[in-house]
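In what follows, a single structure is set out as structure tokens and then discussed.
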Amino acid sequence: MSDALAEIAAQAHHSGQLALDTEFMGEGRYRTLLCLVQLAVPDHTAGLRIELIDPLRDDLDGAPLARALADPAVEVVVHAGRQDIALLRRRLGTQVRNVFDTQVVAGFAGMAAQTSYETLLGELLGVRLAKSASFTRWDARPLSTEQLAYAREDVVHLLELAGELKRRLAPSGRLEWAREECRALEQSSDERDEQTIFARLPRVRNLNTASQAAARELVAWRERTAAERDRTVQSVLPDAALVELAKRRPTSTRELEQIRGLPQGAVRRSARELLAVVASGGERDARGDFVPLERGTRGGPPDPADAPLVALGEALVRARAREANLAYELIAARADLQAIVAAARAGEEEPDVRTLHGWRRELVGAELLELLDGRVSLSVREGGLRVSDG
């Protein structure tokens with residue numbers, strides 16, 4: 001298998017293209033387990049070479065694949081590949097460059113956002129897949145003939161699909177926009193940031209400083225414990241129970257047992273640890289080396305008075321998306337428009353939202369700011385939306 005991987009990686013460097021997909025299992029685990037890697041490259045004799053790589057093998061040398069993925073001269077073709085890329089970055093300890101995600105790119109060719117692989121193959125190539133093994137145990141060995149056939153199908157048409165999307169986008173000049181959008185996928189990661197997890201706990205900002213410090217220590221303990229046991233963090237200690245535990249800060253097993261929602265298994269198995277962790281939070285607060293979360297930093301609800309301006313901005317964005325034959329969802333979310341409107345109303349600096357960066361700003365972001373500033377206006381003529389100088 002290592003020889004086959006080295007060969008297909010060499011072909012990827014030579015051809016400048018590598019299609020990939022993965023199969024994985026995440027249920028009941030701390031980290032999603034990468035179970036299979038499907039690779040395809042152009043082949044001058046067979047037309048296409050496909051290899052199925054087993055990342056569960058201890059003797060697998062993944063270095064050739066890591067080098068191919070990190071080579072900016074190799075276009076890495078995926079479909080909805082955010083998790084695939086995150087898993088490979090972690091498993092192989094590599095970067096992934098020059099990503100071409102057919103789901104993302106399809107949005108620039110007039111397809112709906114998040115269009116499935118099967119739908120794209122049917123609509124663009126007239127190909128139908130016989131999917132039959134999607135919900136199987138990919139971590140079991142040996143894999144069945146049905147599973148192997150299913151896995152091959154996920155990459156057999158991927159390079160052809162990428163080629164068709166490029167052909168359709170070339171006349172519109174949107175291909176570089178699509179590539180720009182795909183670049184963000186290069187940083188896909190499934191690493192868990194403890195501070196972010198802590199900040200997202202329910203009602204954690206309502207706790208006093210000592211309780212927040214206890215919650216922060218409990219988050220770290222839960223991550224370590226879940227990793228050691230290879231279990232989900234919620235099965236170790238649910239969010240609601242963690243916050244309640246931090247709020248009450250028990251000092252005895254009896255007090256611990258009174259906390260509603262705390263799994264009894266956790267009390268029996270980890271009572272002393274939990275009490276020690278809660279106490280360490282108090283000690284950290286007493287030393288003054290804990291910085292609490294500020295109340296209200298997550299942002300309040302949008303001002304209802306902004307709703308008409310948000311609707312006006314959405315009308316402009318939808319019109320420009322339709323003219324450019326782009327999926328609207330690629331350009332703006334309602335939260336983006338709300339942030340832009342709120343900043344304009346308050347006379348503040350432009351918010352750091354995607355609609356005001358890169359190709360989106362070129363398409364409509366700058367025009368949207370002019371609309372809110374009164375420099376342009378909208379009107380309906382001949383059934384369409386028209387923009388004119390204010």
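No lab work stands behind these numbers, since they all come straight from the coordinates. In this text the structure is predicted, and so the values were computed from the model without any measurement. FYI the Cβ positions are ideal-geometry reconstructions off the backbone, even for glycines, and counts take in every protein chain you see.
Here are the numbers:
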item	result
The chain: DSSP helices with Cα axial extent of at least 27 Å and average Kyte-Doolittle hydropathy no lower than -0.5	264-287
Length added when fully stretched, Phe135-Asp3, from 0.36 nm per residue minus Cα-Cα	44.5 nm
Förster radius 25 Å - calculated FRET efficiency between Ala63 and Ala149 (Cβ-Cβ, nearest 0.05)	0.30
Förster radius 51 Å - calculated FRET efficiency between Arg272 and Ala307, Cβ distance, rounded to 0.05	0.45
Loop-located chymotrypsin sites (Phe, Trp or Tyr not before Pro) in the range 111-177, at most 12 other Cβ atoms within 10 Å (DSSP)	Phe135
Dipole moment magnitude, nearest 20 debye, the chain about Cα centre, only Lys, Arg, Asp, Glu C-beta charged	1280
Positive-end residue of Leu175, Ala246, Thr119, charge dipole of the chain with Cβ unit charges	Ala246
Computed lengthening from Arg334 to Ser172, 0.36 nm per intervening residue step minus Cα-Cα distance	55.7 nm
Within the range 346-390: backbone nitrogen closer than 11 Å to the Arg322 label point (7 Å, Cα to C-beta)	381, 383-386
Residue order, fewest to most beta carbons within 10 Å, for Met111, Met25	Met25, Met111
Residue among Ala315, Ala305, Ser377 farthest towards the positive dipole end of the range 304-389, charges placed on Cβ	Ala315
Sites Val291 and Arg229, calculated FRET efficiency, Cβ-Cβ separation with R0 22 Å, nearest 0.05	0.15
Filtered trypsin sites (Lys or Arg not before Pro), the range 195-242: DSSP coil and at most 14 other beta carbons within 10 Å	Arg200, Arg203, Arg231
Among Gly347, Gly28, Gly122, residue whose mean-square fluctuation peaks in a GNM of the chain (springs only between Cα atoms under 10 Å)	Gly347
